[in-house]
Amino acid sequence: MAPTPSRLVARLRQPSRLPLLQVVKTSLAVVVSWILCFVILDQALPIFGAIAALLVVQPSINQSFGRGLERSAGVVMGVALAYGVGALFGHDQTWIVLVAVILALLLAWVVRLTPTSSTQVPISAMLVLSVGVVTPGYAFDRIIETVIGAVIALLVNALIVPPVLLGPAHLALGRLARDLGAALDSLASALETPTSRIDLDAALTRARALRDLQARAAAGVTTGEESLTLNPRAKRQRRILEADRALLGTLSNLVHRVVAMTRSLRDNYDPDLVDDDVVAGIADELRRAAHDVRLLVHDREENAASGSGGTAPESELPALTAPLRVLAPDPEHWILIGSLLEDLRRVREELVGEK
């Protein structure tokens with residue numbers, strides 16, 4: 001099937017725009033790099049300093065540092081390789097440039113450079129052998145330009161509103177907690193009212209989808225952690241990140257429990273379960289657990305909105321109290337009941353903190 005124009009356009013666009021602040025910072029880094037390279041190196045067109053600044057301003061300071069290091073290392077290696085090839089074969093033949101490019105790619109492969117450095121090595125070697133032959137000092141100026149651009153970009157990114165990317169983690173954790181609560185409520189409903197096989201299969205599908213939300217939340221926490229590395233604002237935000245990481249651990253364990261409970265119910269379901277008093281107690285505990293899971297993020301969202309940490313109203317206090325105890329389960333359903341009770345015990349341990 002041939003790609004439509006709309007699909008081709010979609011490949012060129014991102015789901016969301018870059019923050020306007022990053023665009024402004026990138027522009028500022030390019031301008032400052034251009035001016036400094038012009039003044040220090042007397043370069044009329046300091047293109048490579050500007051390119052370095054464009055590439056090094058990243059969503060986090062840690063990424064900026066890594067990108068600057070990658071680009072600078074690639075330039076130095078490319079220049080050194082070009083000098084070596086030129087010394088061995090001279091500069092008179094066109095094929096020497098091709099040899100240098102191939103050797104640069106092989107060098108990047110041997111030392112396992114990152115994609116940024118792997119591309120920069122052959123580009124630098126090619127430019128030195130082609131342009132540098134007729135421009136004295138070209139190779140050295142190229143290295144200095146790149147370093148200036150990278151350093152300026154890093155400083156701009158670090159000193160002007162250093163990016164703190166904790167928002168995606170908050171959003172992902174909030175959605176994960178709410179969907180976990182919905183999955184627990186769905187389990188309770190299946191135990192309280194007769195449920196068809198189709199509905200049980202759908203519930204298991206929704207429970208397994210929690211793993212994708214868990215992965216997104218984990219990626220959000222990782223992004224937040226990376227944004228605080230080398231960040232001057234990290235000290236004030238570190239406590240929030242630690243809370244997010246702890247919450248992610250709790251919710252991740254709950255995802256495993258919910259998937260296991262839903263699978264057990266789907267595999268061992270019997271319509272007569274709705275008449276079992278023990279099962280009714282399990283359903284009640286599941287609803288309490290669902291309430292407490294949502295409360296994990298509700299408290300943080302309320303405190304963030306109000307700017308205070310006041311006492312929650314009684315309806316928003318944790319609902320789980322004493323663990324459910326069963327002395328004599330139904331002999332026909334004891335496998336399912338035992339499995340649900342064990343998973344429910346572990347859910348309670350995660351929420352109440354008793355292990």
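The values are calculated or read from the model by the stated rules, or taken from the named source; none is laboratory data. The model shown is predicted, which means the values in this text are computed figures rather than measured ones. Neighbour counts run over all protein chains shown; Cβ positions are idealised from the backbone, glycine included.
Please go through the stretch 122-139 and give me each residue that is farther than 13 Å from Gly86 by Cα and either modelled with pLDDT of 80 or more or not assigned by TED's automatic domain parsing to the domain that holds Glu70 (or both), ordered by number. Those that are farther than 13 Å from Gly86 by Cα and either modelled with pLDDT of 80 or more or not assigned by TED's automatic domain parsing to the domain that holds Glu70 (or both): Pro122, Ile123, Ser124. Scanning the stretch 205-232 for residues that are surrounded by fewer than 20 Cβ atoms within 10 Å (Cβ to Cβ) and closer than 30 Å to Leu273 by Cα yields Thr205, Arg206, Arg208, Ala209, Arg211.
Which residues, counting only those in the stretch 82-113, are of a type in the set (D, E, K, R) and at pLDDT 80 or above?
Arg112 - this is the single residue of the stretch 82-113 that is of a type in the set (D, E, K, R) and at pLDDT 80 or above.
Please find, within the stretch 64-104, the residue that is surrounded by the fewest Cβ atoms within 10 Å (Cβ to Cβ) out of those that are hydrophobic (A, V, I, L, M, F, W, C) and touching a Pro at 6+ places or on another chain (Cβ under 7 Å). Looking at the filtered set, the residue picked out is Val101.
Each row is one residue, and each column tells you yes or no for (1) outside the structural domain of Val221 (by TED's automatic domain parsing); (2) closer than 29 Å to Gly220 by Cβ; (3) in contact (Cβ under 8 Å) with a residue 12 or more places away in the chain.
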{"position": "Lys25", "(1), (2), (3)": "yes, yes, yes"}
{"position": "Leu28", "(1), (2), (3)": "yes, yes, yes"}
{"position": "Val31", "(1), (2), (3)": "yes, no, no"}
{"position": "Leu36", "(1), (2), (3)": "yes, no, yes"}
{"position": "Asp42", "(1), (2), (3)": "yes, no, no"}
{"position": "Leu45", "(1), (2), (3)": "yes, no, no"}
{"position": "Ala53", "(1), (2), (3)": "yes, yes, yes"}
{"position": "Ser60", "(1), (2), (3)": "yes, yes, yes"}
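Leu176 falls short on exactly one of the conditions (1) of a type outside the set (Lys, Arg); (2) more than 30 Å from the chain's Cα centre (by Cα); (3) crowded, with 20+ Cβ neighbours inside 10 Å, and that condition is (2).
Residues in the stretch 235-244: is at least one assigned by TED's automatic domain parsing to the domain that holds Leu286 and over 30 Å from Gly66 (Cβ atoms)?
As a first pass, look at the stretch 235-244 and keep what is assigned by TED's automatic domain parsing to the domain that holds Leu286: 235-244.
Going one step further and asking which of them are over 30 Å from Gly66 (Cβ atoms), we end up with none.
Checked the stretch 235-244: no residue is assigned by TED's automatic domain parsing to the domain that holds Leu286 and over 30 Å from Gly66 (Cβ atoms).
Among the residues making up the stretch 238-278, those that are modelled with pLDDT under 85, surrounded by 17 or more Cβ atoms within 10 Å (Cβ to Cβ) and part of a helix (DSSP H, G or I) are Leu273, Val278. Before we move on, is Gln120 polar (S, T, N, Q) and without any contact (Cβ under 8 Å) to a residue 40 or more places away in the chain? Criteria not met by Gln120.
Annotation for the stretch 44-58: at least one member residue is surrounded by fewer than 17 Cβ atoms within 10 Å (Cβ to Cβ) and not in a helix (DSSP H, G or I).
This table checks each residue for (1) touching an Asp or Glu at 6+ places or on another chain (Cβ under 6 Å); (2) outside any helix (DSSP H, G or I); (3) over 28 Å from Leu21 (Cβ atoms); (4) touching a residue at least 24 places away in the same chain (Cβ under 8 Å).
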| position | (1), (2), (3), (4) |
| --- | --- |
| Val151 | no, no, no, yes |
| Val156 | no, no, no, yes |
| Pro162 | no, yes, no, yes |
| Pro168 | no, no, no, yes |
| Thr195 | no, yes, yes, yes |
| Gln214 | no, no, yes, yes |
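Note on the stretch 279-295: among residues that are farther than 16 Å from Thr193 by Cα and in contact with an Asp or Glu (Cβ under 7 Å, 6 or more places away or on another chain), the one that is surrounded by the most Cβ atoms within 10 Å (Cβ to Cβ) is Ala290.
Counting just the residues of the stretch 108-132 that are exposed (fewer than 14 other Cβ atoms within 10 Å of the Cβ) and among the hydrophobic types (A, V, I, L, M, F, W, C), which one comes out farthest from the chain's Cα centre (by Cα)? So the residue we want is Val131.
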